[in-house]
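**Student:** One structure follows; several queries about it will come next.
The values are calculated or read from the model by the stated rules, or taken from the named source; none is laboratory data. Keep in mind the model is a prediction, meaning the values are calculated, not measured. Quick reminder, even Gly has a Cβ in these numbers, built from the backbone with ideal geometry, and neighbours come from all protein chains shown. Only protein heavy atoms, including side chains, enter the accessible area calculation; ligands, DNA and RNA are left aside. Shrake-Rupley method; radii C 1.70, N 1.55, O 1.52, S 1.80 Å.
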Amino acid sequence: MKPVRSLARVMLSGIFVVSGARNLQNPGRLVPAAKPVTDRVTPLLQNLSPRIPTDTESLVRINAATQLVGGLMLATGKFTRPAALVLAGTLVPTTAAGHPFWNSEDPASRNNNQIHFLKNLGLLGGLLLAAADTEGKPGLRWRTGHRIGHSRRSVQRAVRTARREAKIAVRSAATARRLPG
């Protein structure tokens, strides 16, 4: 199953690597479309840290760099689950800014944006699946529960052993008291 997962990750990451590189080189073409979204996000970013850049072009560059790096990580199989989550996070503002079909008056433009919106929604679903994929290995939740259960059984075993040894010690002491001498 590993080759299928690897191929699927490379295929899923392709759009992020290509568009991330393209948008990193030329962010100016996306600034007008991204401006309404970045204007809404700017107050939140300023509340987080005043050092975070809030101009639209810088945010487009950051998003593009994140998509490029996340796409490469997903394609190479390094930190695939966190990379998929990060890519999913970058896809939400990209989709909202790039394909607002609800604002289009022209039916052809509306249809085109709606198709791209739904395509990005499908990519988001694929990224969420990639983020949840444990490659057939037990997930963190199962491993934690299994380890807790194992620890609990070990403690119970130790308690039983201690009780058994305490009973033996009490019997030995009682026997020793009965012996003459």
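**Student:** Does the range 153-163 include one or more residues that are loosely packed, with under 12 Cβ neighbours inside 10 Å and in a loop (DSSP other than H, G, I, E, B)?
**Tutor:** No: zero hits.
**Student:** To continue, here is another question. Could you check the range 119-140 and list, in sequence order, the residues that are assigned to a helix (DSSP H, G or I) and farther than 10 Å from Ala84 by Cα?
**Tutor:** Those that are assigned to a helix (DSSP H, G or I) and farther than 10 Å from Ala84 by Cα: Lys119, Asn120, Leu121, Gly122, Leu123, Gly125, Leu140.
**Student:** Still on this structure: Give me a count of the residues in the range 118-128 that are in contact (Cβ under 8 Å) with a residue 12 or more places away in the chain and under 16 Å from Gly71 (Cα atoms).
**Tutor:** Adding up the residues that qualify gives 6.
**Student:** If you check every pair at least six apart or on different chains, which have Cβ atoms under 8 Å apart with a residue in the range 93-110 that is over 18 Å from Thr42 (Cα atoms) and aliphatic (A, V, I, L, M) first and a residue that is part of a helix (DSSP H, G or I) and at pLDDT 85 or above second?
**Tutor:** Taking only residues 6 or more apart or on different chains, not a single pair turns up.
**Student:** Quick test of your reading of the structure: His116 fulfils all but one of (1) surrounded by 15 or more Cβ atoms within 10 Å (Cβ to Cβ); (2) part of a helix (DSSP H, G or I). Name the failing condition by number.
**Tutor:** (1)
**Student:** Ok, one more. In the range 70-107, what residues are open to solvent by 70 Å² or more (accessible area, probe 1.4 Å) and over 23 Å from the mean Cα position of the chain (by Cα)?
**Tutor:** Listed by number, the residues that qualify are Trp102, Asn103, Glu105, Asp106, Pro107.
**Student:** For a quick check of your reading of the model, give me the residue pairs whose first member lies in the range 46-59 and is closer than 21 Å to Val31 by Cα, whose second is basic (Lys, Arg) and open to solvent by 80 Å² or more (accessible area, probe 1.4 Å), with beta-carbon atoms closer than 7 Å and at least 6 apart or on different chains.
**Tutor:** Thr56/Lys35
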